[in-house]
1. Using the Cα centre as the reference, give the magnitude of the dipole from point charges on the C-beta atoms of the chain (Lys, Arg: +1; Asp, Glu: -1; all else neutral), rounded to the nearest 20 debye.
2. Gain in length, Ala96 to Gln42, computed as 0.36 nm per residue apart minus the alpha-carbon separation, to one decimal in nm?
3. Relative to the present Cα-Cα distance, how much length would full extension add between Ala107 and Asp85 at 0.36 nm per residue of separation?
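Nothing in this text is a laboratory measurement; each read-out follows from the coordinates by a stated rule. Just so we're clear, the structure is a prediction, and the values are computed from it rather than from any experiment. Note: ideal-geometry Cβ built from the backbone for every residue, glycine included; neighbour counts use all protein chains shown.
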Amino acid sequence: MPRHTKAKGGYTLIAQAGNTSPADGATQYLGFSSYGTTLSSQGISRMYIPKSGTIKACFLLFANTGTLGSNETSTVSIRLNNTTDTTVSSAVTNDAAQTAFNNTSLAISVVAGDYIEVKWVCPTWATNPTNVRVSAVIYIE
C-alpha cells in the first residue's frame with residue numbers, strides 16, 4: 001500500500017496505526033512506522049516531508065473494533081519536527097464503531113526534510129475504548 005500519493009497540485013502522506021487500547025490521559029503518536037499500533041514516544045513514527053509546501057488538510061478515521069469508549073473528547077494534532085503542535089480536532093470521540101474528523105483549513109508551512117507525526121492526546125474515559133485503529137491522510141500543497 002502506498003504511504004504517499006500525488007494529488008493534483010499537491011500530495012498526501014498517510015499515517016496508520018491499529019489495535020491500540022489507549023490508557024486514560026495517554027499521548028499516542030502515529031506515522032509511517034507505527035508498527036501496527038500507536039506509540040507513546042514521539043519521534044519514532046516520523047513522516048518525512050519529501051517536498052516543501054503547506055499542509056492544508058488532515059482527515060482522520062477512528063475504527064473502534066473492540067469496546068466502544070464513553071463520549072469524552074480527545075485532541076489530535078499534527079506535530080512538526082517534534083516541537084510544534086497544530087490542532088486538527090479537539091472534538092475526537094471513540095463512542096461509535098467509526099468516527100471521522102477533519103480540518104481543511106490548516107496552514108502549516110513545511111520544507112523538504114521536516115518531519116511530522118500525528119499526536120493523539122487521550123482523555124480520562126469513564127469507559128476506555130479497546131482495539132482502536134487510527135488512520136490519517138494529510139494533504140500538502
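1. 520 debye
2. Taking 0.36 nm per residue and subtracting the Cα distance, the gain is 16.7 nm.
3. 6.7 nm
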